[in-house]
Amino acid sequence: MSRDGKLMDMLTGYAASHQHPFNVFLHMIGIPTIMFGVLIPLTWASVDVAGVTVSLAHVVMLAFFVFYLTLDTLFAISFLVLAFVLTYFAGVVGAKPLAVSGSVAAAAFFGGYAAQFIGHAVERSMPVLVKHPVQANLAAPFFQIVEVFKVFGLRDELFNALQAEIERRRREKPAAMQ
């Protein structure tokens, strides 16, 4: 599958259940919040490499970045900026006593997921997480970067093609069920 085909396939699968503006809004808050909640405990595992502290949070964000590079360079670089900010603040919180950092991590993680489930209840769609947990956790941060581009009216041709593909798949789905 080509790079463009891989990007469109991933976005179409995820975007199809994220059409309601309120759901998208809650995801734009919830996904980074969940990431923050996950990154905090990942900062607890770290090593010093040539005087620079490298945590498991850095390694995970770098892995996401490398995967996203296979989809789209501009979106991947934009993700890297978000990842840097979240990882930095996760490190600040992660350095606090365990009772504090653990509580913040849990509140962010569960609060972010609560926001997502509320959004899906409003949209009346099954969260992708329920059907495909690994795919959802890989796609969600990337999709939030894509949504930021959409909000600012950037890459409109991609969003037009994405919406057309979602509509095409919805038309084909009932025919495939008969």
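The values are calculated or read from the model by the stated rules, or taken from the named source; none is laboratory data. All figures in this text were calculated on a predicted structure; none of them were measured in a lab. As a convention, Cβ positions derive from the backbone with ideal geometry for all residues, glycine included, and neighbour counts pool all protein chains shown.
Annotation note: of VAL66, VAL92, the sole residue that is more than 17 Å from the chain's Cα centre (by Cα), exposed (fewer than 15 other Cβ atoms within 10 Å of the Cβ), of a type in the set (Val, Ile, Thr) and at pLDDT 95 or above is VAL92. Among all residues of the stretch 39-59, there is none that is closer than 30 Å to LEU158 by Cα and of a type in the set (Phe, Trp, Tyr). Pick out the one residue from PHE75, PHE109 that is in contact with a helix residue (DSSP H, G or I) (Cβ under 6 Å, 6 or more places away or on another chain), closer than 20 Å to ALA16 by Cβ and at pLDDT 90 or above. So the residue among PHE75, PHE109 that is in contact with a helix residue (DSSP H, G or I) (Cβ under 6 Å, 6 or more places away or on another chain), closer than 20 Å to ALA16 by Cβ and at pLDDT 90 or above is PHE75. Would you call ILE29 closer than 28 Å to PRO97 by Cα, touching a residue at least 12 places away in the same chain (Cβ under 8 Å), under 13 Å from the mean Cα position of the chain (by Cα) and surrounded by fewer than 17 Cβ atoms within 10 Å (Cβ to Cβ)? Judged against the criteria, ILE29 is a match.
Checking the structure you have, find out if any residue of the stretch 42-61 is under 14 Å from the mean Cα position of the chain (by Cα), closer than 12 Å to ALA140 by Cα and not polar (S, T, N, Q). No - not one qualifying residue is present in the stretch 42-61.
Identification of helices (runs of 4 or more DSSP H) wholly contained in the stretch 80-178 with 3 or more residues that are closer than 22 Å to PHE67 by Cα yields 128-131, 133-151, 156-177. With respect to the conditions (1) at pLDDT below 90; (2) among the hydroxyl-bearing types (Ser, Thr, Tyr); (3) under 19 Å from ALA136 (Cβ atoms), THR33 lacks only one, and its number is (1). The one condition from (1) free of Cβ contacts under 8 Å to residues at least 40 places away in the same chain; (2) touching a strand residue (DSSP E or B) at 6+ places or on another chain (Cβ under 8 Å) that PHE84 does not meet is (2).
Among the residues of the stretch 13-23, write down those that are among the aliphatic types (A, V, I, L, M) and surrounded by fewer than 19 Cβ atoms within 10 Å (Cβ to Cβ).
Once the filter is applied, which keeps residues that are among the aliphatic types (A, V, I, L, M) and surrounded by fewer than 19 Cβ atoms within 10 Å (Cβ to Cβ), the stretch 13-23 yields only ALA16.
Restricting the stretch 95-135 to residues that are among the polar types (S, T, N, Q) and buried (at least 16 other Cβ atoms within 10 Å of the Cβ), the residue that is nearest to the chain's Cα centre (by Cα) is GLN116.
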